[in-house]
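Working notes for the structure below.
Just so it is clear, none of the values below were taken in a lab; they were calculated from the coordinates. Just so we're clear, the structure is a prediction, and the values are computed from it rather than from any experiment. Using ideal geometry, Cβ is built from the backbone for each residue, glycine included, and neighbour counts are taken over all protein chains shown.
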Amino acid sequence: MAEVAVSSAGLTKRFGRQTVVDSLDLAVPTGAVYGFLGPNGSGKTTTLRMLLGLASADAGAAVVLGHAVPDGLADALPHVGALVEGPAFYPYLSGAANLARLDAADRSTDPSTRAERVGAALERVGLSAAAGKKAKAYSLGMKQRLGIAGALLRPRALLVLDEPTNGLDPQGTREVRALVRSLADDGTTVLVSSHLLAEVEQICSHVGVMSRGRLVAQGTLEEFRAASGVQVSVRTPDRTEAAATLARLGLTEVMVDGETGGTAGVRAALGSVAPEAVVAALVADGVRVRGFQVATTSLEDRFVALTGEGFDVAG
């Protein structure tokens, strides 16, 4: 089995004069849950569409499950399940009937085992009890799970999900998250795009961050946490003196907070300096230290620093 399930080199897409995906070098390890993270409009969906052959690239190359895109898609796609830009169903047909229609569109399947495949897919996503219910009566969460069931009508090595929890209530979000985790536990590689930081943190092992069409960072979630760094915060009325001391010690990103009084403070990236050395230097310089805190910079801060834009962080 290849070490990388999905990869691209210089993948580029333009609409007129606008470059929406710019020289993308993607690497999704086999067996990973890869969070494709970025603000809305950053190029995530366009990238997924190119990887699946739904849109053509203007430059660069991509490989999915060892097959070049688009020439080898006929060999790759039978092993790929995808839910891009939301599911669509016949509203007056039941969930089971909708899946049967979808299965019938796949000419490589055996009609005699269709009912078995539909039943297994519904069971996989927890919709067996609602199999006979009309799709129009499904909740948003149930519709998302039905869409994923359609992607799982046959065994898949790769599952591509575009904003799978978009618009869902907390219960629906939890249901989809649990399903993604169970699929990953069974060995399926999952590529999931999202603008929700909390979603990525809870279900993903790897992360790629998009900003204005460019992939600005990618790696394991632990690497992103480690790169977030450590900050010190000093509460003091002597802000100018404290900032000067921190800078002299070699701390970076020194910022002064607050207005006046004892609640004002100074923040800085600690780097390799020992926290106790910082406190000792502040006292030696005559800075009145009323509070001192060491904290790891949040992933949210890391992502905002990479993209220059805010993220929705609610799950």
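Below is a table of values for the structure above.
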| item | result |
| --- | --- |
| Positive dipole terminus of segment 4-226, leading residue within 40, 96, 178 (C-beta point charges) | 96 |
| Charge dipole (debye, nearest 20) of the chain; +1 at Cβ of Lys and Arg, -1 at Cβ of Asp and Glu | 840 |
| Estimated FRET transfer efficiency when R0 is 30 angstrom, pair residue 294-residue 174 (beta carbons, to 0.05) | 0.35 |
| Linear extension gain, residue 225 paired with residue 101, 0.36 nm per residue minus alpha-carbon span | 40.2 nm |
| Value of D in µm² per second that Stokes-Einstein yields for segment 112-237, Kirkwood Rh from Cα pairs, at 37 °C (0.692 mPa s) | 196 |
| Geometric extent, Cα atoms of the chain - Rg, Dmax (angstrom) | 24.4, 84 |
| Candidates 126, 43, 147: whichever shows maximal mean-square fluctuation once the chain is modelled as a Gaussian network with Cα springs under 10 Å | 126 |
| Footprinting exposure proxy for 136, 44, 143 (fewest neighbouring C-beta atoms within 10 Å first) | 136, 143, 44 |
| Segment 41-185: C-alpha gyration tensor shape, a/c 1.5 cut-off, then a/b vs b/c | oblate |
